Amino acid sequence: MKIKRYGVLICAHNEADHIASIVRSVITVGASEIVVVDDGSTDHTAALAQQAGASVFRNRKNLGKGSSLKRGLKVMLDRKVDAVIVVDGDGQHDPEEIPFFLEAYERTGIPVLIGNRMADTHGMPFIRKWTNRFFAYALNRLMKIYVADPPCGFRFYRSDILPFVMSSEKRFAFEFDVLLRVASRRIRIDSVRISTIYADKQHSHVEPFRDAWLLGRVIRDHLTRSKFN
């Protein structure tokens, strides 16, 4: 399937420091659609994103990344793009690397591509390294596939597979659940090497104990589905 039109989806919560520059960078790489889902921000994230050139959809309150991703992906499907590239709104992804995903797809035809920051972890917080490696181990044990950086939010999805892998998770576990659903349907997944960006003042949305509990519930639900299918 040839990618003629692609959209870039950015989910953001209180990212006024980064969102405008991210949107402007996305514009330079030629995306057909740029959608920002503002997840109940209390700062000027939505206004700055709109001023920079994005279509903005606001959640009245903070619903979680999963809810925002689901809303944004549905918007992209309505807009009939051939593929969606998801970029985090906190400045940890370089939009100028979006062409890496398009080039990888053109070369391989693989419909799900996940960013990989693990080739160079210099500057990555210890908790991030541990989380990423644990998720890679869990995914490999469950599905017998290897994704180097499963939590990475910098992703490429071909649009035709999205209706079949959409998760009902509302928060952090959404992206891992999507990978389980992709793998269970035998849809091919690969990784694309990207930069590891962690600025000193960036805050992390990772909450290890909450996220570990959510991950455990997703794994339990997946094993239950597998048992009865």
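The values are calculated or read from the model by the stated rules, or taken from the named source; none is laboratory data. Since we're looking at a predicted model, the values are computed, not measured. Note: ideal-geometry Cβ built from the backbone for every residue, glycine included; neighbour counts use all protein chains shown.
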Grab the strands (runs of 3 or more DSSP E) fully contained in segment 1-61, keeping just those with 3 or more residues being surrounded by 21 or more Cβ atoms within 10 Å (Cβ to Cβ). 6-12, 33-39
Scan segment 135-150 and give yes if some residue there is touching a helix residue (DSSP H, G or I) at 6+ places or on another chain (Cβ under 6 Å), more than 19 Å from ALA183 (Cα to Cα) and surrounded by fewer than 17 Cβ atoms within 10 Å (Cβ to Cβ), otherwise no. no
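Would you call GLY89 surrounded by fewer than 18 Cβ atoms within 10 Å (Cβ to Cβ) and modelled with pLDDT of 80 or more?
No, not satisfied.
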Just checking, does segment 196-206 include any residue being modelled with pLDDT under 90, surrounded by 17 or more Cβ atoms within 10 Å (Cβ to Cβ), in contact with a helix residue (DSSP H, G or I) (Cβ under 7 Å, 6 or more places away or on another chain) and part of a loop (DSSP other than H, G, I, E, B)? no
